[in-house]
Amino acid sequence: MRLPLGAGRDVAVEPPLGQAIEAALDAVLSEQRADGHWVYELEADATIPAEYVLLLHYLGEPADAELESKIARYLRRTQGAHGGWPLFHDGGYDPSASVKAYFALKMIGDPPDAPHMARARAAILAHGGAERSNVFTRMLLALYGEVPWDAVPAMPVEIALLPGWFPFHIAKVSYWTRTVMVPLLVLGSLRPRARNPRAVGVAELFVAPPSRMGLAPRAPHQGRLWFAFFRAVEAQLRRLEPRVPARLRRRAIEEAAAFVRARLNGEHGLGAIFPAMVNAVQMLDVLGVPRDHPENIAARRAIDRLLVDRGDEAYCQPCFSPVWDTALMCHALIETGLPAARDAAMRGLDWLLPLQILERDGDWGLRRPGLRPGGWAFQYENAYYPDVDDTAVVAMAMHRADPVRYAAAVARAQEWVVGMQSRGGGWGAFEADNTQRYLNNIPFADHGALLDPPTADVSARCLSMLAQLAPGAPAGRGAPAGRALSWLLRNQEKDGSWYGRWGVNYIYGTWSALCALGVCGLETQARPVARAVAWLTAIQNPDGGWGEDGDSYRLDYDGWRPAPSTPSQTAWALLGLMAVGAADTPAVRRGIAWLIDGQRGDGLWDEPQHTATGFERVFYLRYHGYARYFPLWALARYRNLRGGGAHRLAGLGM
């Protein structure tokens, strides 16, 4: 007989725990690809599939009526109760997502007077109209001739010619900004017009005539004085633009185009991310590159590869996540301790091994000249932009699985990660010392995500790796691990949590930090750990799980607010607590019980929520793998601890 949820039963000695692990294991093993890797759907919001539709009509490509009808069904289903489209599951209205989704549906053929279109239009107008759109939406509307170019922040293509010491330089922004922005510089200079064979427009979404649309106001994250300064600079740039010599303009366009073309990355696409890929295709188009040119064919193919066709619906992913999915799955499988799981993990790690980037000096090398490459990218192939976080996770999995077999790869990864440490002791995801925060005040940066500064989650993961590979390393204050530990402790929030940049949010950051502190030898009696454990315990939901949503990134954040429990966030909280010796607590027992009770008959869990973050307040992600490997990992860890009588597993970074 099963006790009521939260009654504090010891599930470690009950058959349901083992049965839950076995069912989940059977499910994920069946999903391993023939070559050894895992990759799951990566879903964002309505903007990506909407932009895919609008790209095709921008290019004037023949419409695929069946595909468009499937995308339309997806867009209709994800429309919010408020009439517009949210950025995350059950989220509030977002102006740019709503404008793009409405535009795409109208382009596909949905009548403007259809009930769902009327609701969307009413919501958009009630929230200030398409005038409230962000910079990237304004650019799209300008390309379609819906708004004047004066409504788009000035970003002269001559930026591509600026020297590295200049206050604004493409090397001073993040990889995603760089790959998205550089082709936009060419588009903004040449100002092409979408072919738009159906001649669809969205003038009805504007409160005032769109021809009179001006520049967007200061974004909430931007400082008044900095923004006023950059707006004044922008005004001068607009006045100077007609006077730029034609020869200089041509050279700048050539420089920007050369940057993009060197990084097109074949059928994996520029930066291996959808927004950059789209901009690259549009840039090649305006430069007159023939459609049958190998560059163009590969660039278009890169975008189409991101499509997910579910039969009745279709959508477009922002990118692929095979390295991340495979590495995390390997951790979960190794945790189970079962021979079949270990064999599958070894196949996954062997698949990862040749993907290590050992030859290409990527853009990160501009700040770290002389550092040998040694990281892994997030996607199948993205040699210019390896990911520090992925690299640490892969290295820890390889080291745990077989430190001899993977010794060379792990050593090279460690060398690169250490070299990518920022001056303050933390790590960004793709760049070192990418901290020119004043740049987030330029009018173009209304999204507030121009940079890639050190963050608690990535820094914690790197510290975890260093401490796992060299126990005792954090004791040396001047050593990389010691500096990282000091940075992490300095960045603990007042309530005891840590901020999560790449996962939602403080639960993710706190899990990451507790894993690092645990492998460094800090346990529940240490004050930073005790504060974090108390915070996690305090925010546990009455049902035994944990949950947090994208609203936690609000600029006026005043503490955690209740959100529905999710499998991945519950697993993070459990793994964090268990990492520091809090396995035998009511909170952990209740969390484990919640996972077991919520498991489906096929061994997996439902998780419609977006529990990962692309850019705070702008772009959220739903990893379909998160509700697979994280719950399995947490259940297996709990069984290992309780079955072995230990309070934590020493020496493991995750």
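Rule-based calculations on the coordinates, nothing more; no lab input. Please read all numbers here as calculations on a predicted model, not as lab measurements. Note that each Cβ is placed from the backbone with ideal geometry, even for glycine, and that neighbours are counted across all protein chains shown.
Using only the Cα atoms of segment 340-455, build the gyration tensor, take square roots of its eigenvalues as a ≥ b ≥ c, and label the shape rounded, prolate or oblate: rounded if a/c is under 1.5, else prolate if a/b is larger than b/c, else oblate. Here segment 340-455 falls in the prolate category. Under 22 Å of direct C-alpha separation, and excluding same-chain neighbours fewer than eight residues apart, Lys100 reaches these lysines: Lys70. Using the Cβ-Cβ distance between Ala171 and Leu358 with R0 = 22 Å, the FRET efficiency computed as 1/(1 + (r/R0)^6) comes to roughly 0.45. Between the residues Val53, Pro95, His82, the greatest Cα displacement towards the positive end of the dipole of segment 48-98, with unit charges on the Cβ of Lys, Arg, Asp and Glu, is found for His82.
The spacing between segment 75-145 and segment 28-56, judged by their C-alpha centroids, is 23 Å. Inter-label distance, Asp350 to Glu41: 3.1 nm, where each label sits 7 Å from its Cα along the C-beta direction. So which trypsin sites (Lys or Arg not before Pro) in segment 252-305 pass both tests, a DSSP loop state and at most 16 other Cβ atoms within 10 Å of the Cβ? Here the sparse-neighbourhood loop sites are Arg291, Arg305.
Counting neighbouring Cβ atoms within 10 Å and putting the fewest first, the residues Thr336, Thr326, Thr524 line up as Thr524, Thr336, Thr326. Given R0 = 22 Å, the distance between the Cβ atoms of Arg238 and Ala208 translates into a calculated FRET efficiency of 0.55. Backbone geometry of segment 410-419 corresponds, through the Karplus equation with coefficients 6.51, -1.76 and 1.60 at θ = phi - 60°, to 3J(HN,Hα) couplings of 5, 4, 5, 5, 4, 4, 5, 4, 4, x Hz, x marking Gly and Pro. Assign one of three labels to segment 436-508, namely rounded, prolate or oblate, based on the Cα gyration tensor with a ≥ b ≥ c the square roots of its eigenvalues; rounded applies when a/c is under 1.5, prolate when it is not and a/b is larger than b/c, and oblate otherwise. Prolate shape, in that a/c is at least 1.5 and a/b is the bigger ratio. Debye-formula intensities of segment 31-190, expressed as log10 I(q)/I(0) at q = 0.09, 0.19, 0.20 Å⁻¹, are -0.38, -1.20, -1.26 (one equal scatterer per alpha-carbon, no solvent). Annotation: amide H of Thr613 within the under-5 Å range of Gly503, Val504, Leu621, sequence separation 5 or more or interchain, hydrogens built in the peptide plane. Show log10 I(q)/I(0) for the chain at q = 0.11 Å⁻¹, two decimals, from a solvent-free Debye sum over equal Cα scatterers. The computed values of log10 I(q)/I(0) come out as -1.13. A simple packing score, the average count of other Cβ atoms within 10 Å per residue, orders the peptides 156-162, 192-198, 458-464 as 458-464, 156-162, 192-198, with the highest score first. The charge dipole of segment 156-297, taken about the Cα centre with unit charges on the Cβ atoms of Lys, Arg (+1) and Asp, Glu (-1), comes to about 520 debye, rounded to the nearest 20. Rounded, prolate or oblate: which fits segment 515-626 when a ≥ b ≥ c are the square roots of the eigenvalues of the alpha-carbon gyration tensor, with rounded for a/c under 1.5 and prolate only if a/b beats b/c? Oblate, since a/c reaches 1.5 and b/c is not below a/b. Partners of Lys172 within straight-line reach, counting aspartates and glutamates whose Cα lies under 16 Å from its Cα and excluding those fewer than 8 residues away in the same chain: Glu158, Asp363, Glu431, Asp433, Asp452. Annotation for segment 453-472 versus segment 209-263: alpha-carbon center distance of 38 Å.
Taken about its Cα centre, segment 452-591 carries a charge dipole of roughly 460 debye when the Cβ of each Lys and Arg holds +1 and the Cβ of each Asp and Glu holds -1.
Inter-label distance, Ala475 to Gln436: 4.2 nm, where each label sits 7 Å from its Cα along the C-beta direction. Between the beta carbons of Leu29 and Glu267, assuming R0 = 30 Å, the FRET efficiency works out to 0.55 to the nearest 0.05. Packing around the peptides 27-33, 528-534, taken as the average count of other Cβ atoms within 10 Å per residue, puts them in this order, highest first: 528-534, 27-33.
Inter-part distance, segment 403-451 to segment 291-340, computed on C-alpha centroids, equals 23 Å.
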